[in-house]
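Before any comments, here is the structure.
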Amino acid sequence: MSAITYADVNKDILQTMVRPKPAYFLVLSGAALMLLIGVLSLAIQIDTGMGLVGVTHPIGWGFYITNFVFWIGIGHAGTLISAVLFLTRAPWRNPIYRASEAMTVFAVMTAGLFPLIHVGRNWYAYFLLPYPNQRMLWTNFKSPLEWDVFAVTTYLSISVTFFIIGLIPDFAAMRDSSVGIRRQIFTLMAAGWTNSYQHWLHYMRGYLILAALSTPLVFSVHSIVSFDFAMSFMPGWHTTIFPPYFVAGAIFSGMAMVLTIIIPLRSIFGLEKYVTHHVLQSSARLILFTSFIVGYAYTTEVFIAWYSGVSFERSLFYFRLFGEFADRTPYSEGHQLGAPTLAFWVMYFCNVISPLPLWRFKIRNNLMALFIISILINIGMWFERYNIIVSSLQRDFDPFTWGTYWPTVIETGVTVGSFGFFFTMFFLFVRAMPSMAIAELKEGLPAPRKNKQAH
Amino acid sequence: MKDILQQSTLQLKPNWKMILLAMVGVGLLAFIAGVSTGNAERAWEALLLNTLFWGGIAQAGVMLGVIWQITDAKWGRPFKRVAEGFAAFLPAALVMFLLIILVGNSYLFEWVEHPMEVKKAYLNLPFFISRNIIGFSLMYGISMFFLMASLKPDLMLARSLVPGFGGKMGDRVMALANKLLKNGEQDPAKEAIRLEAFSRKVAPLLGVTYTIVMTMVAVDFVMSLDQEWFSTLFGVYFFVGNIYTTLAMMLIVMYFVRQKPGVAEYVTINRMHDLAKLTFAFAMLWTYMTFAHYLIIWYANVPEETPFMVTRAWADTPWRPVFWTLLGVLFIFPYLGLMSRTVCRTPAATAVVGTILVCGQFMSHYMMVVPSIQDRHEHPTFLMGYPEILVTLGFAGGFFLCFMLYMSTVPILPISDKHLCKSWHGR
């Protein structure tokens, strides 16, 4: 990177906010269209009621909770990259950490909507929060669902803080290079940053402390999401490997989403010299590693279900893998291979098999291959959550409470809308703020000298 | 570099050799006495516990090398040779595992004589013996290749700088390395490049093999002691605990290694600080695993799973106080102790912390193994008498004997490693 100067960094990063290529508007309008579908579906659902949604007894959790877990998972890579990789001194994080942090914030925002959408009567959403009231009504603190409320709000507030603190020096750079109303806005947001030694000293201290505070959150949030399932005694939900397995899965899906976003971003805005192949390769290696962890977890779950000898565990995993037992199908409704079986094998293929080519250096170095694999992983991780949530609810202990689930158009519309919401927010962010950290990029460059030939 | 080779190689002093050999002898005698005087169950129990503990440290030492190789971490390089030195105990561990698999099985595993009908397909002797022999030969075989690939260029370089380095043992190690890795280049620098490329390929393979085989070990040697119980997290919990123990052991050993002249230039205070920080991270990871494991079991209270926890943590058993004390020793103590920058940067202090953590992890292994066996009896008691203590002494002696004998033939630092450098920017 010796050819790049400090001035180039400012120029290249700030130009992403001035004149994007037409491809940008094409992508943005696609995302906005998806968002519109979601908003319309949600409006119809709120107007008519929860009857429009496929969830009913015995399957109380369907697409919405799947989406919730999926988006929370996506929101993990940002903090991992910005905090954990900062603490472990992995410099390849510098070019991608800003975009992934933004991704985290938007993904957690998207995720946070789903419990509210799912419970219906959205105007009572504040019931989720414990607050002193005259009727002495309190939330159930013993419920993992309530722990989730705390975990997700804590995570959201810390990631937003981390995100904004990281942006301050860059806001100052934008302030210095803009005029008019933009300059006034950025002056406000830069919070009086002058690049002085004192500012940097305190900034780096604060950043380190925030990184240390966020690191446990990377683990806690998805662990607590996994408790929603693991604390019950449902076969397929209650299993001790869930917390680390969910955390690894979240990092896995988050890293895949980072690649899904970064690869187009770098080519639309011409940032190839910053997001180098080394950066993408390191991300690919992290994906390979976490893919192995989720593969290990899938296999262990199936193995222990068999090893346990408990008939409920065994039959549930048989159901997940191969569908109904041929001779016991009180509610089979004609089809042997149900949606859970499909979900299981999609999940297994996308999350365990499809990342395997990344063992090859050539594949890790191939942008198209990386992009396709990252998309496959996103699909696979969505189906993983669907598989966990729906298949266990379909086959409870008592065959009397067995059932099937099929999503409705409304649920699908809201799901599409969530992707629209996320991508719209993200692409607006790219226009409004520097999508790469200007100051951190400069850390990797040789310092400017008077004598240009010196180095 | 030459100075370090000549002055700073670890040498086992004759009187220490005698002491360590005496420890091994005492342990052996205690085991034989236990088996022959009607205390067979306790003797085998102590053997199993120690094999898992010391064998776990030996294998996890290799894994630290693997982690540094895969992550390209430069700070860890000066520790590499010492961590991999723990692997000198692997052959002994293999013998002990074979002893348990082939001879001790009926004393330890209730399924050998009273199997559960539904688990017979997995828990039966022929399958148990064959899968473990395959698993161990796979893991130890790949480890051997990995270790030799990291050691060979070092020995070549050492011998070109100091002729005859390592003596007869050095000759044997070189012969073994040549046999395993083909003869390769004559120039140490070129050979280092060739074997570095080889290590890059072997390291991830060994990582994958390690997790799979150690999960099998956790299921077969620990989980199946109580054949009704099962838990999906147990394998991970087990090997994370092993790596945690090994890091704590590194804190102790590196304190002594650093005393050797010239080593402190490479193993700087900053790097010791990094080692302490990694230990802290693993302490937190281990605590997280423990918490997740027990919270889920406790909350759901499923009849097949809960007894494991009730026996250890809730019921009026002799193990209850140990369980809760361990939480303090292995979580709160390192949490507060290793959080302090001053402690982390004082090697003598981290050595003390490391000692306490190793003892704590030993007791944690004890809590995994012993209650499952003793709970079969009418009135289970907390057993820590002469069979346990003496057998442990024997294993400790054997472990350090193997370690020191190995270290006396190899350079103390991985001198041919491309990432080995003196303190750079204070790191």
Practice task
Taking all pairs of distinct Cα atoms, average 1/r, flip it, and tell me the Kirkwood hydrodynamic radius of region B:66-116 in Å to one decimal place.
Solution key: 14.0
Fill in the blank from the handout: For the pair B:Glu378 and B:Arg200, the simple spin-label estimate (label points 7 Å beyond Cα toward Cβ) gives in nm 6.6
Fill in the blank from the handout: Relative contact order of chain A (C-alpha contacts under 8 Å, at least 6 apart) in percent is 33
Problem - Separation between Cα centres of region B:59-86 and region A:25-39, rounded to whole Å - result: 49
Practice task
Place the peptides B:227-234, B:304-311 in order of packing, highest mean first, counting for every residue the other Cβ atoms within 10 Å and averaging per peptide.
Solution key: B:227-234, B:304-311
Problem - Normalised alpha carbon radius of gyration of the protein assembly as shown [divisor 2.2 N^0.38 Å] - result: 1.00
Practice task
Compare the peptides A:350-360, A:167-177 by average per-residue count of other Cβ atoms within 10 angstrom and give them in order, highest first.
Solution key: A:167-177, A:350-360
Practice task
Write down the accessible area per residue of region B:2-407 in Å², having rolled a 1.4 Å probe over the full set of protein chains.
Solution key: 39
Exercise for the section: Pop a pseudo-label 7 angstrom from the Cα along the beta-carbon direction at both B:Trp324 and A:Phe127 and give the gap in nm to one decimal. Expected result: 3.8
Fill in the blank from the handout: Residue-normalised 222 nm signal for chain A, counting each DSSP H run of n ≥ 4 as -39,500 (n - 2.57), nearest 500 deg cm²/dmol, is -22000 deg cm²/dmol
Exercise for the section: Mind checking which aspartates and glutamates have their Cα closer than 13 Å to the Cα of B:Lys2? Skip sequence neighbours fewer than 8 apart in that chain. Expected result: B:Asp154
Exercise for the section: Find how much the distance from A:Leu145 to A:Ile375 grows on full extension, using 0.36 nm per residue of separation minus their present alpha carbon separation; answer in nm with one decimal. Expected result: 79.8 nm
Completion exercise
A correct Stokes-Einstein calculation for chain A, using the alpha-carbon Kirkwood radius, 25 °C and 0.890 mPa s, returns a whole-number D in µm² s⁻¹ of 104
Handout entry: P(r) histogram, all alpha-carbon pairs of region B:6-62 included - 5 Å bins from 0, percent
Key = 4, 16, 14, 17, 19, 15, 8, 4, 2, 1, 0
Problem - Hull shadow area, averaged, region B:237-392 [alpha-carbon convex hull, nm²] - result: 10.4
Completion exercise
Reduced to Cα centres, the span from region B:279-315 to region A:251-323 in Å works out to 26
Handout entry: P(r), alpha carbons of region A:238-281 - 10 Å bins starting at zero, rounded %
Key = 25, 37, 20, 13, 4
Practice task
Between A:Ala90 and B:Ala22, take the C-beta separation as r, use R0 = 41 Å, and let me know the FRET efficiency to the nearest 0.05.
Solution key: 0.30
Practice task
Within region B:260-290, find all residues whose amide N lies under 20 Å from a label point positioned 7 Å from the Cα of B:Gln7 along Cα-to-beta-carbon.
Solution key: B:260-269
Completion exercise
One finds the C-alpha centres of region A:134-196 and region B:169-186 to be spaced, in Å, by 59
Handout entry: Under 27 Å, Cα to Cα: Lys pairs in chain A, sequence gap 8 or more or different chains
Key = 13
Handout entry: 10 Å Cβ neighbours from other chains, averaged over peptide A:308-319
Key = 3
Practice task
With a bin width of 10 angstrom, please list the P(r) values of chain B as percents of all Cα-Cα pairs, from the 0 bin to the one holding the largest distance.
Solution key: 4, 21, 31, 26, 13, 4, 0
Handout entry: Label point 7 Å beyond Cα of A:Arg449 along Cβ direction - residues of region A:1-20 with amide nitrogen under 17 Å
Key = A:1-6
Fill in the blank from the handout: Relative contact order in percent for chain B (Cα pairs under 8 Å, 6+ apart) equals 35
Exercise for the section: Report the label-to-label distance for A:Trp200 and B:Val103 in nanometres (one decimal), using points 7 Å from each Cα along the Cα→Cβ vector. Expected result: 6.7
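The values are calculated or read from the model by the stated rules, or taken from the named source; none is laboratory data. What you see is a predicted model, and the numbers here were worked out from it, not measured in a lab. When we count neighbours, we look across all protein chains shown, and the Cβ atoms used for this are built from the backbone with ideal geometry, even at glycine. Ligands, DNA and RNA are excluded from the accessible area calculation, which covers all protein heavy atoms including side chains. Shrake-Rupley method; radii C 1.70, N 1.55, O 1.52, S 1.80 Å.
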